[in-house]
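Asker: To start, I am sharing the structure in question, which I have written as structure tokens.
Throughout, read-outs are computed from the coordinates displayed, never taken from laboratory work. Predicted model, so just to flag it, every value in this text is computed and none were measured. FYI the Cβ positions are ideal-geometry reconstructions off the backbone, even for glycines, and counts take in every protein chain you see.
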Amino acid sequence: MAHFLKETDFSREQVNEIFSLAHSFKKGRGRHTPPSLKGQSWAMIFSKSSTRTRVSFDVGINELGGHPLFLNKNDIQLGRSETVSDTAKVLSRFLHGLIVRTYAHSEIEELAAEGSIPVINALTDFLHPCQIYTDAFTLAERWGTEGNFLQSLKGKRLAYFGDTANNMANSWILGGAHFGMEIVLCGPESYKPGSEIDELLEKEGLPKNYVFTSDPKEAAKGADVLYTDTWVSMGQEAEAAEKIALMQPFGVTSELMALANEGAYFMHCLPAYEGKEVTKEVLDSPASIIFDEAENRLHVQKAIMAVLAQGLRA
């Protein structure tokens, strides 16, 4: 059974297929979308709230002809009065697919291992692969040609600022290595990448494609993309004040954008907190493609679901 839990779960050839399919869905939206999920019910299990993830998956399942079922952490007994294993086995009897947004990455791995339906990682504390595929597609739209989207990413340099040990940074490390990109991580020494992501790179047979620096100017020079994320993730509220103070030197500004390559883009997975991780000037600048990113969550996730559903119908 195929799942999408991490960026490398699809081969490079499959990634290009997904990007091409997303491009087709985007161009044809409102006219014709193949009913890839016709007669299917897909559940969204969310332990963490969301705007873009929830709406894009709900709409996407509908547009593919399926029935979406939303379950928050209070709707089911997952991990409370029922084991993860039992939940996976029971839901597999009812559903055709699971989309899970949760804290521990091990939980989504167990759901995939114990169930018999496709599982999609809609975010864990370790990885956010749907966002990375969407971001890569958004860049490939600008740099590539139809049918060869992935090749356009090879050798491109992305500079990531802020908490470089969080799920977005981890996913850019893994996804960047898979796509052939160079990643520069810039933040406080105390928030640099952990050993877990290096171990995963080695396990996946990928090169260590990133460098770390605490010098924002050094990170921005020669970059094709400047990327950041909110400094305080859900579940980190207790350390918010201390963390924000530590991150202040790593906000993305117009001065940093000016150091990047000509035509460089600014990206943020949203929600953005202007004046903290990025200035309003950068958010509103022509270089900012944040709302294209947000829209493309719909098209890329539809493509991922359609590809996984092919296995169900095989």
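Asker: What does the convex hull of the Cα atoms come to per residue for segment 1-159, in Å³? Before the final figure, lay out the partial values.
Answerer: Working: hull volume 19.5 nm³, N = 159.
Taking only Cα atoms, segment 1-159 has a hull volume of 123 Å³ per residue.
Asker: Run the quick spin-label model on Lys221 and Leu270: label points 7 Å from Cα toward the beta carbon, then report their separation in nm to one decimal.
Answerer: 3.4 nm
Asker: Name the most mobile residue of Ala258, Ala88, Ala220, meaning the one with the largest mean-square fluctuation, in a Gaussian network model of the chain with Cα contacts below 10 Å.
Answerer: In this elastic network of the chain, the residue with the biggest mean-square fluctuation among Ala258, Ala88, Ala220 is Ala258.
Asker: I'd like the distance between the alpha-carbon centres of segment 1-33 and segment 37-57, rounded to an integer number of Å.
Answerer: 17 Å
Asker: Along the positive direction of the dipole of segment 206-278 (beta-carbon charges: Lys, Arg +1; Asp, Glu -1; about the Cα centre), which of Thr230, Met257, Thr213 reaches farthest?
Answerer: Projecting each Cα onto the dipole axis, the largest value belongs to Thr213.
Asker: Label segment 131-289 by shape, choosing from rounded, prolate and oblate, from the square roots a ≥ b ≥ c of the eigenvalues of the Cα gyration tensor; if a/c is under 1.5 it is rounded, and otherwise prolate applies when a/b is larger than b/c, oblate when it is not.
Answerer: Oblate, since a/c reaches 1.5 and b/c is not below a/b.
Asker: Okay, next question. Of the GluC sites (Glu not before Pro) in segment 131-222, which ones lie in a loop per DSSP and count no more than 12 other C-beta atoms within 10 Å?
Answerer: Details: sites: Glu141, Glu146, Glu182, Glu189, Glu196, Glu199, Glu202, Glu204, Glu218; in loops: Glu146, Glu204.
Hits after loop and neighbour filter: Glu146.
Asker: Could I ask something else about it? Have a look at Pro193, Asn166, Ala177 and report the one farthest towards the positive end of the charge dipole of segment 120-236, computed about the Cα centre with Cβ charges (Lys/Arg +1, Asp/Glu -1).
Answerer: Ala177
Asker: Which of the GluC sites (Glu not before Pro) found in segment 227-314 are loop residues per DSSP with 13 or fewer other Cβ atoms within 10 Å of their Cβ?
Answerer: Answer by residue number: Glu262.
Asker: Moving on. Would you work out the charge dipole size for segment 1-116 about its Cα centre, treating the Cβ of every Lys and Arg as +1 and the Cβ of every Asp and Glu as -1, and quote it to the nearest 20 debye?
Answerer: Value, rounded to 20: 580 debye.
Asker: Given the options Thr138, Thr124, Thr213, state which has the largest fluctuation in a GNM of the chain using a 10 Å cut-off (strictly under) for Cα springs.
Answerer: Sorting by GNM fluctuation, first place goes to Thr213.
Asker: I'd like the trypsin sites (Lys or Arg not before Pro) in segment 146-252 restricted to DSSP loop residues with at most 16 other Cβ atoms within 10 Å, sorted by number.
Answerer: Here the trypsin sites (Lys or Arg not before Pro) that fit, given the DSSP loop and packing criteria, are Lys154, Lys208, Lys221.
Asker: To continue, here is another question. Of Ile290, Ile244, Ile45, which has the largest mean-square fluctuation in a 10 Å C-alpha GNM of the chain?
Answerer: Checking each option, the largest mean-square fluctuation is seen for Ile244.
Asker: With just the Cα atoms defining each centre, how far is segment 173-235 from segment 92-151? Give it in Å.
Answerer: Segment 173-235 and segment 92-151 have Cα centres separated by 19 Å.
Asker: Sticking with this one: Please give the charge dipole size of the chain, origin at the Cα centre, charges +1 on K and R Cβ atoms and -1 on D and E Cβ atoms. Round to the nearest 20 debye.
Answerer: 1100 debye
Asker: Hey, got the dipole for segment 131-289? About the Cα centre, +1 on K and R Cβ, -1 on D and E Cβ, debye to the nearest 20?
Answerer: 340 debye
Asker: Give me a comma-separated list of calculated 3J(HN,Hα) values for segment 122-127, in order, Karplus coefficients 6.51, -1.76, 1.60 applied at θ = phi - 60°, integers in Hz, x for any Gly or Pro.
Answerer: Once θ is set to phi - 60°, the couplings for segment 122-127 become 8, 2, 10, 5, 9, 9 Hz.
Asker: Further question on the same structure: Just to confirm a number: summing +1 for Lys and Arg and -1 for Asp and Glu over residues other than Thr164 whose beta-carbon lies under 12 angstrom from that of Thr164, what do you get? Kindly include the intermediate steps, with their values, before the conclusion.
Answerer: Details: positive: Lys192; negative: Asp163, Glu189, Asp229.
Here the count lands on -2.
Asker: Between Ala258 and Asp284, what is the FRET efficiency for a Förster distance of 22 Å, r being their Cβ-Cβ separation, to the nearest 0.05?
Answerer: Taking R0 as 22 Å, the efficiency between Ala258 and Asp284 is 0.90.
Asker: D for segment 210-249, whole µm²/s, Stokes-Einstein with Kirkwood Rh over alpha-carbon pairs at 25 °C and 0.890 mPa s: what number?
Answerer: Roughly 203 µm²/s, to the nearest whole number.
Asker: Checking the cross-link filter: which aspartates and glutamates have an alpha carbon closer than 18 Å to that of Lys243, excluding same-chain neighbours under 8 positions apart?
Answerer: Partners found: Asp125, Asp163, Glu189, Asp215, Asp229, Glu274, Glu277.
Asker: By the gyration tensor of its Cα atoms, with a ≥ b ≥ c the square roots of the eigenvalues, what is the shape of segment 21-69: rounded for a/c under 1.5, prolate for a/b over b/c, or oblate?
Answerer: Working: a/c = 3.02, a/b = 1.49, b/c = 2.02.
Oblate, because a/c is 1.5 or more while a/b does not exceed b/c.
Asker: Relative to the compact-globule scaling 2.2 N^0.38 Å, provide the ratio for the alpha-carbon radius of gyration of the chain.
Answerer: Here the Cα radius of gyration is 0.97 times the empirical estimate.
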